[in-house]
Structures are given as structure tokens and as C-alpha cells.
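Q: I'd like to ask you about the structure that follows.
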Amino acid sequence: MIKSLYVHIPFCIKKCLYCDFNSYVRLNEQDAYINALLTEIRKIKQNKFDTIFVGGGTPTILSISNLKKLLEQLKFFEPLEFTFETNPGTVDIEKVKLLKMFGVNRISIGLQAWQDTLLQKLGRIHKLDDFLRTYDILIKSGFENINIDLMFGIPDQSMEDWIETIENVLKLNPKHISCYSLIVEEGTPFFEMYNKGKLILPDDDIEREMYYYAVKRLSAHGIQRYEISNFSKKGYECRHNITYWMDEEYIGIGAGAHSYIKNVRFSNYRDIQKYIEGINLGNAIMESETIDYNDEMAEFMFMGLRMASGIKKERFKKRFNKDINDVYKIEINNLIRQGLLIDVGDSIRLTDRGIDFSNKVFINFLK
Ligand SMILES: C[S@@+](CC[C@H](N)C(=O)[O-])C[C@H]1O[C@@H](n2cnc3c(N)ncnc32)[C@H](O)[C@@H]1O
Ligand code: SF4
């Protein structure tokens with residue numbers, strides 16, 4: 001059985017200036033989109049998932065009636081972990097009650113920064129007050145497993161801003177926090193601004209200082225890093241994302257969603273209308289790629305190394321019937337010598353330095 005299902009909702013009220021996720025300000029297409037999505041869901045050949053993650057975009061900007069249609073269909077899979085992403089100001093009590101009623105038990109909310117000035121510079125639709133109101137509604141409606149997304153290394157952000165963000169978020173006592181270092185993605189307004197020298201980013205030393213401040217302070221509050229960018233209280237790790245990091249199979253539905261089944265990775269059309277047309281014609285797959293044996297091993301390595309627990313040698317052996325130290329002997333030894341990896345007997349992990357240069361580490365496993 002495939003454990004995890006991802007459902008993509010490609011709508012946002014406005015595009016944030018840094019975001020290259022597959023989302024559009026085309027909310028008037030939601031009725032046709034949801035119908036196509038329901039058609040795709042009905043074609044799924046299994047009736048149970050351990051985890052469902054409804055992401056975006058901003059899933060909670062769907063109308064009540066579309067949300068209801070989607071939830072009615074998804075509840076049949078009886079997920080143990082059922083996550084919805086949301087953006088501050090896009091849910092009210094009615095929507096939150098609906099989510100709860102249909103078994104959603106995990107909410108991921110994007111705050112990004114505590115300061116309204118920074119939120120505005122990111123092009124966010126909300127202010128801090130909107131976040132606090134939404135958070136309050138979620139808590140009062142009985143949601144206890146909540147993740148808060150934060151970003152650091154963002155334009156004009158000072159160390160003091162980041163400290164203020166972390167300390168105030170900790171006061172809310174969430175179960176899970178994601179801290180993402182800003183990536184200036186090609187094709188976004190930030191990319192243009194960066195190339196014109198109009199984006200003032202904190203320098204690399206400050207950016208790393210921000211990261212380690214978060215690691216230290218969150219850990220002091222029992223919110224431990226379990227993946228490079230993800231921190232949680234014990235037992236609240238995101239099981240859905242762990243499927244990806246363990247390099248296990250998953251199904252993705254909706255525009256641009258990826259699936260990984262029997263060593264084939266395939267993705268749907270990214271454009272909403274192309275996706276709907278595809279579904280109506282019986283196939284919305286835009287491209288597919290068979291992952292060969294060497295690439296599968298490499299992906300297993302760089303996804304697994306993202307986790308704080310690293311890669312258990314036994315797990316590699318079970319999957320590939322080979323010893324990790326035989327397959328990657330030279331690479332692992334080199335990386336250990338450079339202080340980027342550590343061998344702790346039954347597993348290998350990134351060191352702190354390895355986390356700082358994780359992309360450099362991951363390249364080593366591509367043959
Ligand atoms: C789909 S969004 C989360 C839900 C909702 N759309 C929102 O923004 O509040 C996923 C998260 O990815 C992070 N993110 C998006 N673009 C990023 C970028 N270019 N660099 C770093 N983090 C990014 C943000 O923290 C964002 O909350
Ligand atoms: S960060 Fe979230 S709200 Fe902003 S454009 Fe991307 S998906 Fe939409």
C-alpha cells in the first residue's frame with residue numbers, strides 16, 4: 001500500500017514576491033478545478049492512506065461548498081495524519097469547523113515573519129494581527145497539531161527581527177515549526193529585484209547565525225530539529241513529509257502534483273486549464289521519468305541525509321541489498337574527512353557543517 005497522498009490546490013489571493021510554487025490568482029476557476037480533482041481522486045486504486053497533505057497554493061481559500069466536496073471525498077481514505085495548509089486571514093470559524101468535522105487533524109500556517117514591515121516586503125496578504133486571529137480560531141476550535149512556517153534570510157531582516165520572531169512564536173507553544181532559508185527563485189519578482197541589485201539580503205554569516213539561533217532556542221523549548229528545516233515536539237514530526245525524506249512511494253493529485261510509484265516519477269500538467277482538460281480526456285500526466293537504480297540510490301541518500309537521524313545502514317541494505325559503505329565508500333570517506341558527514345556506527349548523518357553545505361554534500365552521490 002502507498003502510504004501518502006498529496007492534494008494540490010493551486011490558488012492564492014495574491015502571489016508573494018518570492019514564491020515559485022504552482023499557484024495562480026485565478027479563484028474563479030475553482031469549481032471546474034475541484035470537479036476535475038474529484039474525478040482524479042475517484043480513480044485512485046486504493047482506499048486507505050496513512051497521511052494526506054492538502055497543500056498549495058492556499059487550500060483554505062476554496063469556497064465552503066468546494067471545501068466540503070473535497071473533504072467528503074478525502075475522508076473515505078481515513079488518514080491518520082490529515083494536514084491542510086493555510087494562509088493567515090483565509091479561514092473563519094465556519095471553515096475551521098468544517099475541516100475539523102471531516103477529520104483534518106494537522107494545520108500548517110504560513111506566518112513567515114513577526115514584523116508587518118517584513119510581511120509587506122515579502123508581498124504577503126496578511127499582517128501579524130491576521131495571523132494571531134487565525135491562530136486563535138484554530139486553537140479555540142481544538143486544533144493542537146499546528147505547524148508555523150517561518151522564513152529567514154529575507155530582505156532587510158535583521159538578527160533582532162529574527163530573534164523577535166522566534167521568541168514570540170515560541171510563546172504560542174506550537175507543536176511544529178518550519179524555518180526556511182529564503183531561496184531567490186528564478187522567475188519571481190525577487191529574482192528580478194536581486195539581479196537589479198534592489199534586494200538587500202542579510203549576508204551569509206548572519207543567515208547562518210539566524211539558523212543556529214533557531215536550532216538552539218527551539219531545542220531549549222523541546223522543539224527538536226528532525227530535518228534540516230523542520231522542528232517539532234516529540235511525536236509531532238510530519239509523517240507525510242517523512243515519506244518523501246525516506247524516499248518512499250506517494251501519490252500526488254492536482255495541477256503540477258508529482259507521484260512516485262514503482263520507480264517512476266510522473267507529474268500532472270501545471271496549468272489549471274490544461275490539467276482540467278487532461279482529466280476530462282482521461283489523462284493529465286505531463287511527463288514521467290523512470291528512476292534508474294543508481295539515481296534511486298542517490299535520491300535515497302540525499303533525501304535521507306536531510307533528516308537529523310540520518311540514514312540507517314540497515315535501511316539502505318534492506319532496500320538495495322548492498323552495503324552503503326561499499327556503494328559509496330569513496331564519497332562517504334571523503335565527506336567524513338571534510339567534516340561534512342559523520343558515521344555513528346549504525347547510521348550516517350550530516351554534521352552541522354554538512355547542513356551548512358548540504359547541496360555540496362548531496363552532489364557527491366550523483367554518479
Ligand atoms: C505553500 S506555502 C504555505 C501555505 C500558504 N500558501 C502560505 O504561504 O502561508 C509553503 C511555504 O514555503 C515557504 N516558501 C515558499 N517559497 C519560498 C522560497 N522561495 N524560499 C524559502 N521558503 C519558501 C514559505 O514559508 C511558505 O509558507
Ligand atoms: S507563499 Fe503561499 S500564499 Fe504566497 S504565493 Fe506562495 S503559495 Fe501563495
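The values are calculated or read from the model by the stated rules, or taken from the named source; none is laboratory data. Note that the structure is a prediction, hence the values are computed from the model and not measured. Neighbour counts run over all protein chains shown; Cβ positions are idealised from the backbone, glycine included. These area figures cover heavy atoms from the full protein model, side chains too; ligands, DNA and RNA do not enter into them. Shrake-Rupley method; radii C 1.70, N 1.55, O 1.52, S 1.80 Å.
Q: Expressed as a whole percentage, what fraction of the accessible surface of the chain belongs to carbon and sulfur atoms when a 1.4 Å probe is rolled over the protein heavy atoms?
A: Whole-percent figure for carbon plus sulfur exposure: 52.
Q: Explain nothing, just the number: relative contact order of the chain, from Cα pairs under 8 Å at least 6 residues apart, as a whole percent.
A: Relative CO of the chain lands at 15 percent.
Q: Next up: For an R0 of 22 angstrom, estimate the FRET efficiency from the Cβ-Cβ distance between Ser219 and Lys367 and round to the nearest 0.05.
A: It comes out at approximately 0.05.
Q: Okay, moving on. In whole percent, what relative contact order does segment 44-113 give with Cα contacts below 8 Å and a gap of six or more residues?
A: 38 percent
Q: I've got another one for you. Using the eigenvalues of the Cα gyration tensor, what equivalent ellipsoid semi-axes result for segment 4-244 when each is taken as the square root of five times the eigenvalue, whole Å, largest first?
A: In descending order, the three semi-axes are 30, 21, 16 Å.
Q: Also, I was wondering about something else. Positive end of the charge dipole of the chain (Lys, Arg +1 and Asp, Glu -1 on Cβ, about the Cα centre): tell me which of Tyr328, Thr117, Phe82 has its Cα farthest that way.
A: The one lying farthest along the dipole's positive direction is Phe82.
Q: What FRET efficiency do you get for Met246 and Lys274 if R0 is 22 Å and r is their Cβ-Cβ distance, rounded to the nearest 0.05? Present the calculation step by step, with values, prior to reporting the outcome.
A: Details: r = 32 Å, r/R0 = 1.43.
After rounding to 0.05, the efficiency reads 0.10.
Q: In square angstrom, what is the accessible area per residue of the chain with a 1.4 angstrom probe?
A: Working: 17090 Å² over 367 residues.
Result: 47 Å² of accessible area for each residue.
Q: Taking every DSSP beta bridge that has both residues in segment 4-244, what percent is antiparallel when rounded to the nearest 5?
A: 20 percent
Q: Moving on. Using a Förster distance of 51 Å, how high is the FRET efficiency between Lys127 and Ser309, based on the Cβ-Cβ distance and rounded to 0.05?
A: The formula returns an efficiency of 0.85 here.
Q: Could you calculate, for segment 243-306, the ratio of the Cα radius of gyration to the Kirkwood radius, expressed as Rg to Rh?
A: Values: Rg = 13.3 Å, Rh = 12.5 Å.
Checking Rg against Rh, the ratio lands at 1.06.
Q: With the crude spin-label approximation of a point 7 Å out along Cα→Cβ, what separation in nm comes out for Glu289 versus Asn359?
A: Spacing of the two 7 Å Cα→Cβ label points: 1.7 nm.
Q: Sticking with this structure for a sec: Could you give the nm distance between label points at Asp20 and Leu172, where each point is 7 Å from its Cα heading toward the beta carbon?
A: Those two pseudo-labels are separated by 2.8 nm.
Q: Continuing with this model, one more query. So what does Phe266 come to for accessible area, using a 1.4 Å probe and Å² rounded to 10?
A: 50 Å²
Q: What whole number of Å gives the distance from the Cα centroid of segment 103-126 to the Cα centroid of segment 311-367?
A: What the calculation gives is 35 Å, centre to centre.
Q: Tell me, how many Å apart are the Cα centres for segment 12-34 and for segment 128-181?
A: Cα centres, segment 12-34 to segment 128-181: 23 Å.
Q: About the Cα centre, and with charges only on the beta carbon of Lys, Arg (+1) and Asp, Glu (-1), how big is the dipole of segment 4-244? Nearest 20 debye, please.
A: My answer is approximately 1000 debye.
Q: Taking only Cα atoms and a 10 Å spring cutoff, compute GNM fluctuations for the chain and point out the largest among Lys322, Lys196, Lys262.
A: Lys196
Q: Turning to a different aspect of this structure: Note down the nm distance, to one decimal, between modelled labels 7 Å out along Cα→Cβ at Ile13 and at Thr351.
A: That separation, rounded to one decimal, is 4.7 nm.
Q: Taking 0.36 nm per residue of sequence separation and subtracting the Cα-Cα distance, how much length would be gained by fully extending the chain between Glu160 and Glu78, in nm to one decimal? The partial results should precede the final answer.
A: Numbers: separation 82, 0.36 × 82 = 29.52 nm, distance 4.38 nm.
Roughly 25.1 nm would be gained on extension.
Q: Here is a further query. If pairing requires two Cys Cβ atoms under 4.7 Å apart, which cysteines of the chain are left without a partner?
A: Cys12, Cys179, Cys238
Q: Provide the descending list of Cα extents for segment 220-362 along its principal axes, expressed in whole angstroms.
A: 54, 40, 26
Q: Starting from the residue with the highest accessible area, list His221, His8 in decreasing order, probe 1.4 Å.
A: Largest accessible area first, the list is His221, His8.
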